[in-house]
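This report refers to the structure that appears directly beneath it.
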Amino acid sequence: VISGAVSILAVFVALALIDRIGRKPLLFIGSVGMTVTLAIVALCFSQAVMIDGKVGLPGSYGLIALLAANGYVIFFNASWGPVMWVALGEMFPNQVRGAGLAVSGFFQWIANFGITMTFPVMLSIAWIGLTGAYLFYAICALISIFFVLRFVRETNGLELEDMTE
């Protein structure tokens, strides 16, 4: 319930800020935030111990992991979650916008499916586990920082017809 409420509030933050500060800054801030929070979660799970056959986090690592995981939810839902859909609608010329959105939306859902399917697989591989899975996703988020800096064009303030030039 808390994570769901945090997600919804973060989307409203993104919607309030997207036309004020732009798409690229939101994506950059989201990427940095996701990298840091996922790395913190990975660090916390690197300290995990088995207690009665279940994973336990000693000391304050459990609370830190919980806060970092919710921080990730905030950064994702205030950036990549909603901004990606806005950006997709702005990156294709009018003549192919519908087809471009359909294809890119399809690949977005395939990527989501891939994450959903690989997470349990990574958990089942002893040398990867929770630490490796979160570290892998932190590295992916780190790569997204460079992707945003290099490939994302700011479209804020441009007319729709001028965005694809």
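Could you calculate the FRET efficiency of Ile139 with Ser60 from 1/(1 + (r/R0)^6), where r is the beta carbon distance between them and R0 is 30 Å, rounded to 0.05?
Details: r = 25 Å, r/R0 = 0.84.
In this case the efficiency is close to 0.75.
Sort 65-74, 86-95, 48-57, 99-108 by packing, meaning the average of other beta carbons within 10 Å per residue, with the highest value first.
Values: 65-74: 18.6, 86-95: 14.8, 48-57: 10.8, 99-108: 13.0.
Descending packing order for the listed peptides: 65-74, 86-95, 99-108, 48-57.
Report the relative contact order of the chain, percent, no decimals, based on alpha-carbon pairs under 8 angstrom and at least 6 residues apart.
Details: 171 pairs, mean separation 61.6, N = 165.
Relative contact order here is 37 percent.
How far is the Cα center of the range 88-104 from the Cα center of the range 2-80, in Å?
30
Nearest 0.05, what FRET efficiency do Met91 and Ser46 give at R0 = 41 Å with Cβ-Cβ as r? Please report the intermediate quantities before stating the final value.
Numbers: r = 38 Å, r/R0 = 0.94.
It comes out at approximately 0.60.
With a 1.4 Å probe and all protein chains left in place, how much accessible area per residue does the range 1-80 have, in Å²? Write out the running numbers ahead of the final one.
Values: 4480 Å² over 80 residues.
Roughly 56 Å² per residue, with all protein chains present.
Tell me, what % of the accessible area of the range 5-152 is carbon and sulfur with a 1.4 angstrom probe?
Details: 6740 of 8670 Å².
In the range 5-152, the share of accessible area belonging to carbon and sulfur is 78 percent.
The values are calculated or read from the model by the stated rules, or taken from the named source; none is laboratory data. Here the structure is a predicted model, which means the values were calculated and not measured. Neighbour counts run over all protein chains shown; Cβ positions are idealised from the backbone, glycine included. Surface accessibility is based on the protein's heavy atoms, side chains included, excluding ligands, DNA and RNA. Shrake-Rupley method; radii C 1.70, N 1.55, O 1.52, S 1.80 Å.
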